[in-house]
Amino acid sequence: MSLINDALKRAKETQPQDVAADGPALQPVMRARNARPDFLLPMLAVVILLLAGLLIWAWSQSGGAMKVRANSFPAEQAQAPVVEPAKPVQMAMTAPTPAPAIAAPEKPAAMVMEITTNAVAVSPVVAPKPEPVVYKLQGIFYSKHPSAVINGKPVFPGSRVGEAHVVSIGIDSATIVLPTGERRVLELP
């Protein structure tokens, strides 16, 4: 350590003392004022405080807590059923032959006619009855204005999902009224 101190003393002694500069003494330079407005920082602070106040107000209006529940389902259930098109009717032209009398069905949805060499046969094709719509509650967002997800569609009290009318949404259930007037309570699994 003393070697370092000795080297510093020798370096100081070799430097010239009181060197006078040629010319006048320099004056300190006044810093130029920035073109940036001074109100930017206070304005930013006011905006942040307003946003914080708005968030606190929204939190207090929702009763202090927001509850979110959602269920997921496999992708197979999300896809609509595939309906195959009807098969085309094939007719063969032959010489006319007398046909036996056939009683007509009461209320067929469609008729298929087959012409063969011996007789004309008419057979009813009954259209399949439409499957009743299954309403599935998949999630509930419960706050001051609750909403739910039924069959993949976001709904609110008073809105419709398919043919049903949403009456109310609770913490873990939703009530709908079907077109037949039946009330159904959907619950989260």
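The values are calculated or read from the model by the stated rules, or taken from the named source; none is laboratory data. The shown structure was predicted, so the numbers you read here are calculated from the model rather than taken from an experiment. Just so you know, the surface numbers come from the protein's heavy atoms only, side chains and all, with ligands and any DNA or RNA stripped out. Shrake-Rupley method; radii C 1.70, N 1.55, O 1.52, S 1.80 Å.
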Using a 1.4 Å probe, how large is the accessible area of D38, given in Å² and rounded to the nearest 10? 100 Å²
In terms of modelled amide H atoms, which long-range or inter-chain residues lie less than 5 Å from the amide H of V161? V166
Sort L55, L44, L186 by accessible area with a 1.4 Å probe, largest first. L55, L44, L186
Determine the per residue accessible area of region 126-165 with all protein chains present and a 1.4 angstrom probe, expressed in square angstrom. 67 Å²
With all protein chains present and a 1.4 Å probe, how do F141, F39 order by accessible area, largest first? F39, F141
How would M30, M43 line up by accessible area, probe 1.4 Å, largest first? M30, M43
Area of L137 that stays accessible when all protein chains are in place (1.4 Å probe, Å², to 10): 10 Å²
